[in-house]
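Below is one structure, written out as structure tokens, with a few remarks after it.
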Amino acid sequence: MQQNHTSQEEAKIAANKKHAELLQKRLEKDKEKNAHKRAFERHSVFAVATMVLNNNSQEVEGVIAEISQGGLRFRPASLFLLDRNGENISMILDDINVSGIIRASRADGYGIQLLDKINPSEMAYILRNYKAKN
């Protein structure tokens with residue numbers, strides 16, 4: 001009886017291991033499949049910035065939490081996030097001013113696609129001064 005119980009446990013462990021391996025392969029395949037969607041490396045930052053809505057010049061204070069040369073994630077300081085997908089914006093961080101379009105409105109902030117890449121010297125400045133400490 002004990003041996004039967006042990007072999008059932010071993011079978012269960014083997015099935016779980018196989019399931020985990022399949023899941024890992026699926027995640028790797030998804031990662032490869034979506035690799036084309038991210039042209040630039042993302043960096044975690046914590047930078048207080050201002051987003052200006054181009055249609056009415058409204059300024060929104062908040063934090064840039066993630067940045068790449070082609071986009072960023074901005075979390076407004078306000079309690080509520082409005083659905084602003086498709087809106088043209090300007091983002092101001094110190095002396096850096098970039099233009100973009102809000103592509104995603106999520107609970108963790110706005111996903112913004114930049115119209116022009118952040119140049120390497122500006123990116124180096126941002127990472128030097130605002131890179132998040134993990």
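Just so it is clear, none of the values below were taken in a lab; they were calculated from the coordinates. All of these numbers come straight from a predicted model, not from anything done at the bench. With ideal geometry, Cβ positions are generated from the backbone for all residues, glycine too; neighbour counts draw on all protein chains shown.
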For the list (1) buried (at least 16 other Cβ atoms within 10 Å of the Cβ); (2) within 17 Å of ALA47 (Cα to Cα), I need the number of the one condition that ARG84 fails. (2)
For the stretch 66-80, give me the residue count where each residue is among the hydrophobic types (A, V, I, L, M, F, W, C), in contact with a Gly (Cβ under 7 Å, 6 or more places away or on another chain) and surrounded by fewer than 18 Cβ atoms within 10 Å (Cβ to Cβ). 1
Looking at the stretch 112-134, I want the residues that are loosely packed, with under 11 Cβ neighbours inside 10 Å and have a partner that is assigned to a loop (DSSP other than H, G, I, E, B) and of a type in the set (S, T, N, Q) with Cβ atoms under 9 Å, at least 6 apart or on another chain. Which pairs are those? PRO120/GLN69
